[in-house]
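Comments concern the structure below.
The values are calculated or read from the model by the stated rules, or taken from the named source; none is laboratory data. Because the structure is predicted, anything quoted here is derived from the model rather than measured. Backbone-built Cβ (ideal geometry, glycine too); neighbour counts: all protein chains shown. We work out accessible area using only protein heavy atoms, side chains counted, and drop any ligands, DNA or RNA first. Shrake-Rupley method; radii C 1.70, N 1.55, O 1.52, S 1.80 Å.
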Amino acid sequence: MTNQVSEFPTERTFQYQHSLPPLPVPSLEGSLAKYLDAVRPFATEEEYQVTAAVVKRFGEGIGKDLHQKLLQRARTRRNWLEEWWLDAAYLEMRYPSQLNVNFGGPAPYLEHCWPSTEGVQLQRTSISMWHTLQYWDLLRTERLDPHKAGNVVLDMDQFRMLFCTCKVPGVTKDTIINYFKTESEGPCPSHVVVMCKGRFFSFDAVCDGHILTPPELLRQLTHVKQCCEGEPAGDGVAALTSEERTRWAKAREYLIGIDPANKTILETIQSSLFVVSLDDAKPYATAENYTPVTREALTGDSTIRWGDKSYNSISFADGTFGSNCDHAPYDAMVLVTQGYYVDQQLKATDGKWKGSETVRPMPLPEELVFTVDDRVRSDVAHAKQQYLETTQDLQVVCYAFTSFGKAAIKQRKLHPDTFIQLALQLAYYRQHGRLGSCYETAMTRRFYHGRTETMRPCTLEAQNWCHTMLLPAASAEAKRKALLLAFNKHNKLMAEAQNGKGFDRHLLGLYLIAKEEGLPMPDLFTDPLYSKSGGGGNFTLSTSLVGYTTVLGAVAPMVHHGYGFFYRIGDDRIVASCSAWKSSPETDAETLFQNLVTSLHEMLHLATTAQL
């Protein structure tokens, strides 16, 4: 997912969109067999036999009918899942987005050119913004090469959702509004919104057809900062976006009802390229310990984040950066790609602007002031309180493991991602005395509008390997054999999931058809092993490889007794963010990370002595 940018592109960013294959529907027999295999590690023999009978009945009865209806749906849609996935995973959810759906994370720059430094916040923000605006221009002019896996073209549709995109709350269901257009499609909004001390400002990032330079952006940001310094904080209306979705939808309707000008302000924020948050926090992260900046990006000041925005770029007072983004319109790889582009540009220029210092005459930023009354102030106070309580319950740790990375793992002819996933299974097993049901993101972008499939790393083979590793009497040879079997199974399942042959999205489709038709819920979905193994979004470990770049993210756990685990793999380091709920007596993110470190060392030792 590196950014190939051609001076004279032969391929346009979105040119292959219409020739991508449709998302396939896997065979019912195949999906049910894989499902049975996946629940095995969580069942006694007796429980397994009960579930096997449930699955058999489903496959021979109602499941057959539902599968036929799904095939029928797939004949009229190039992606039978797309609309359902947006609704079921994101838009119909009523819990607050900001911690339960959004992802956040540190920007990578502190690793090389921008360590924590006082007094450079605005200067660095202007340079970072300029590179981000260049990336928007690459998408507008379709000069970003289409992504490929080998020779296979990948879907680029999600890149349209990075800029000028926002989720809008509804009483029962949210919607996504996207204003982005390529140059050939027509004009596109070009203003940015800057948030500072609970206040909003907007200015156009283009003047006379040219993107503002860093000195010009600095002038606009300085004006915003000066307006806010020594003044009382604003009303903090943005905190409403951290609220439960129906409450936020009703508060938004009321806000528009008070004054039609409020609707205009909301539309200005929604259509903006992105939001820049000027945050007074000083996380003081280092290139080894990212915990403070990761935590701040994920759980920071709710009055200077528009939680529904596809991209909030957060600039901290100590010269470090983060982001907070709504997950609904796109997956993390979009932000990773953009973040890595900016990172590489900064690295190449040592984080400095070497162009003209001239500032053209242009309008100053305009403050966007909501009309509020006591009810709105009360709604904001309620939102801030519930957000504060939830964020205080979230434990976030984020460290760099620097003993080795991708190079050493590949030298042993092992897949780096599988290596980390199995290390995590062993870490969890060591800490909790059992395996944790685990979700790993598998990318399905080789299909039209493909997003993700679930890959379940908690296999029988992984279970057997973890058990063998902790047996004092087990020989190194037995451990190595078990490790290789676990590796091979993981790699096979991942390849199948990426090729549209996973089973979780298929089962979701069958479940949603039954729901839409008003049919009684099939036993398969009410069987205890369905949720115990992670089905229905009940995975104890919610994990994702963010890639092999310098960009990292963080998420909250899927379930109360679970963990959120994002990681990136560098040549000589592995950086992981781990989250857990403090109110769960079972979990501790710090301990899990330390157990992961132990697992990584043990595995490399095993692989080295075996010369696998």
In segment 260-290, which residue that is in contact with a Pro (Cβ under 9 Å, 6 or more places away or on another chain) and open to solvent by 60 Å² or more (accessible area, probe 1.4 Å) is nearest to P187 (Cα to Cα)? K282
Kindly indicate whether any position in segment 132-155 is under 30 Å from V372 (Cα atoms), of a type in the set (S, T, Y) and either open to solvent by 20 Å² or more (accessible area, probe 1.4 Å) or under 26 Å from the mean Cα position of the chain (by Cα) (or both). no
In segment 289-341, residues that are closer than 30 Å to K148 by Cβ, among the β-branched types (V, I, T) and more than 11 Å from the chain's Cα centre (by Cα) total 1
Residue count, segment 350-390, condition within 22 Å of Q134 (Cβ to Cβ) and either free of Cβ contacts under 8 Å to residues at least 40 places away in the same chain or open to solvent by less than 40 Å² (accessible area, probe 1.4 Å) (or both), comes to 5
Options A287, A317; residue that is touching an Asp or Glu at 6+ places or on another chain (Cβ under 7 Å) and modelled with pLDDT under 95: A287
A482 - would you say it is assigned to a helix (DSSP H, G or I), without any contact (Cβ under 8 Å) to a residue 40 or more places away in the chain and open to solvent by less than 10 Å² (accessible area, probe 1.4 Å)? yes
Quick one: how many residues across segment 180-219 are open to solvent by less than 10 Å² (accessible area, probe 1.4 Å) and either within 21 Å of A281 (Cα to Cα) or without any contact (Cβ under 8 Å) to a residue 60 or more places away in the chain (or both)? 8
Can you tell me which of W136, W130, W114 is of a type outside the set (G, A, S) and touching a Pro at 6+ places or on another chain (Cβ under 6 Å)? W130
Name the residue that is surrounded by the fewest Cβ atoms within 10 Å (Cβ to Cβ), counting only residues in segment 451-469 that are in contact (Cβ under 8 Å) with a residue 60 or more places away in the chain and over 20 Å from G547 (Cα atoms). L460
Picking from A33, A74, A52, the residue that is over 29 Å from the mean Cα position of the chain (by Cα) and either surrounded by 15 or more Cβ atoms within 10 Å (Cβ to Cβ) or on the phi > 0 side of the Ramachandran plot (or both) would be A52
With the condition kept exactly as written, say whether any residue in segment 434-450 is assigned to a loop (DSSP other than H, G, I, E, B), on the phi > 0 side of the Ramachandran plot and open to solvent by 50 Å² or more (accessible area, probe 1.4 Å). no
Hey, does segment 228-235 have a residue that's within 16 Å of V193 (Cβ to Cβ) and either under 28 Å from the mean Cα position of the chain (by Cα) or not charged (D, E, K, R) (or both)? yes
Checklist (1) farther than 20 Å from M455 by Cα; (2) without any contact (Cβ under 8 Å) to a residue 60 or more places away in the chain; (3) not in a loop (DSSP other than H, G, I, E, B); (4) not hydroxyl-bearing (S, T, Y) applied to I513, failing item: (2)
When every residue in segment 36-49 that is more than 31 Å from the chain's Cα centre (by Cα) and acidic (D, E) is compared, the one nearest to L507 (Cα to Cα) is E47
Filter segment 520-550 for residues that are of a type in the set (S, T, N, Q) and in contact with a Lys or Arg (Cβ under 9 Å, 6 or more places away or on another chain); the one that is most open to solvent (accessible area, probe 1.4 Å) is N538
Give P9, P41 a once-over and let me know the one that is modelled with pLDDT under 95 and surrounded by 14 or more Cβ atoms within 10 Å (Cβ to Cβ). P9
